[in-house]
1. Using a simple spin-label model with points 7 Å from Cα along the Cα→Cβ vector, what separation in nm is obtained for S370 and D281?
2. On the Cα set of the chain, report Rg and Dmax in Å, please.
3. Considering only DSSP beta bridges where both residues belong to the stretch 124-233, give the percentage that are antiparallel (nearest 5).
4. Among S138, W66, T390, pick out the residue whose Cα is farthest towards the positive end of the charge dipole of the chain, where Lys and Arg carry +1 and Asp and Glu carry -1 on C-beta, about the Cα centre.
5. Once the piece of chain linking H7 and T394 is laid out straight, how much longer is it, given 0.36 nm per residue of separation minus the C-alpha distance between them?
6. In deg cm²/dmol, rounded to 500, what helix-only [θ] at 222 nm does the chain give when every DSSP H run of at least 4 residues adds -39500 (n - 2.57) and the total is split over its residues?
7. Loop only by DSSP, 10 or fewer other Cβ within 10 Å of the Cβ. Give me the trypsin sites (Lys or Arg not before Pro) in the stretch 163-201 that pass, ordered by residue number.
8. Suppose every Lys and Arg Cβ carries +1 and every Asp and Glu Cβ carries -1, with no other charges. What dipole size does the stretch 155-265 come out with about its Cα centre, to the nearest 20 debye?
Amino acid sequence: MIDPEVHGLDFDAYLKRVAALTDDVLIPAEREMVEAGEVPGQALDALARNGLFAISVPRDLGGLAWSMTQQVLLTLEFTRASCVYRSRFSTVIGLCSQAILDHGTEAQRTSRLPRMAAGEHITAFALTEPGAGSDAASLTTTARRTGDGWTIEGHKRYITNAHWADELIVFARTGSPSEGAAGVSAFFVPRRAEGVTTRLPSRMNGHAEAPVAEIDLAGVRVGDDALLGGRTGTGFAAALRGINHARLHVAATCVGQATRMLEETAAHLGSREQFGAPLADLGAVQGDLGRCYADLEAARALTLDAARAFDGGTVPRHRIAAAKLFASEAAGRIADRCVQLLGGEGIVGDHPVPRMWRDVRALRIYEGSSPVHERNLGRAVNRQVGRDGTLPDTYRVTRGAPPQP
Ligand SMILES: Cc1cc2nc3c(=O)[nH]c(=O)nc-3n(C[C@H](O)[C@H](O)[C@H](O)COP(=O)(O)OP(=O)(O)OC[C@H]3O[C@@H](n4cnc5c(N)ncnc54)[C@H](O)[C@@H]3O)c2cc1C
């Protein structure tokens, strides 16, 4: 449940509260989390009480209704702590809540979103399958009409929060395979429904304390009211709505993680002496720090710029993809340089930077891997230039637009 006073805070006061939560609770609890191999219950409780599950949900549905720019600013703060904390509520605030908000029926919205915002109803987003990863539209899980409901059969993998979710949003084929994305629908499936089994992997390389899960769906029966939006064939559009929202959160996560890694590394370099002086005094080291800082600022600016465009009323999907691509690659470059600058401490012991180095690697794979974004953006450039000579999601002033003041 959200602490009552949180609802009365203006954004600046809320941002300060989240920054304090990060510094006073989340970062100090990282070591306990790593030792326990899971996010401590107290930290999860603090996330819920401080409204982190509610940032993207409208006020009339129990949320805090921050704009996308504000959600990005909040993410930059709370992901200075391990991004594993974010994993535990990411599927609620991005992928699932936004698909439900824009594509759910009134009953589906009002029955779920207030509990999701309070952190009392955890949802997972089950799209990826063993044979359908980057090519998600080729998924083979099926939902067949049986009696007055549906029977779902299939297998999902790599699903964040699936093992402890209350409910899964399962993407399944209701049309023929030849229909591709147009034959996909989304269903609410209680995780404890008969026929649902979840399994954790034997090992995670990064994100170890918030493992993804496999899901078997064997003859799972759900009613008609489990169909998202009450219509078949709209599952992929709903998935993309959640994914575009989540991609901006992921871009901001990359910046938050990189900020912490750079701060921690620069502090180490200022105190570690070699050749009779702090390492921070070496020109080559300063050059490394400068390149990291420039990468970080570029990623931050791109992410905030895409968020502002989002708040302008459209979903600028190409600029969002560019922000996610650049920020995740920049975080990878920064992580690698920071580990180098830490020397042996980057490999031996329990310094937070090498742990974050492992964690940020996954951010170049999920929410669209970097090569897939590059390919899609290149195709979009070719398509749009072929159409009217401009770039996708262009912000340049085109002929006929009113003069700018
Ligand atoms: C930590 C984590 C959390 C996740 N959480 C979720 C979740 O909550 N819900 C969910 O549904 N899924 C989730 N996923 C799955 C994620 O979306 C997929 O891993 C991702 O889409 C890639 O699919 P794949 O792993 O099958 O890789 P593949 O599709 O096998 O691709 C492997 C690699 O091949 C290359 N490649 C593939 N296609 C192309 C192309 N067209 N052009 C150029 N290169 C290409 C890329 O380098 C890519 O990384 C998660 C994954 C991870 C690692």
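The values are calculated or read from the model by the stated rules, or taken from the named source; none is laboratory data. Everything quoted here is computed from the prediction, not taken from an experiment. Positions of Cβ are generated from backbone atoms using ideal geometry, with glycine treated the same way; all protein chains shown enter the neighbour counts. Keep in mind that these areas ignore ligands, DNA and RNA; they rest on the heavy atoms of the full protein, side chains included. Shrake-Rupley method; radii C 1.70, N 1.55, O 1.52, S 1.80 Å.
1. 3.5 nm
2. 21.9, 80
3. 85 percent
4. T390
5. Working: separation 387, 0.36 × 387 = 139.32 nm, distance 3.68 nm.
This chain segment gains 135.6 nm when fully extended.
6. So the calculated ellipticity at 222 nm is -15000 deg cm²/dmol.
7. Loop-located and lightly packed - R192.
8. 200 debye
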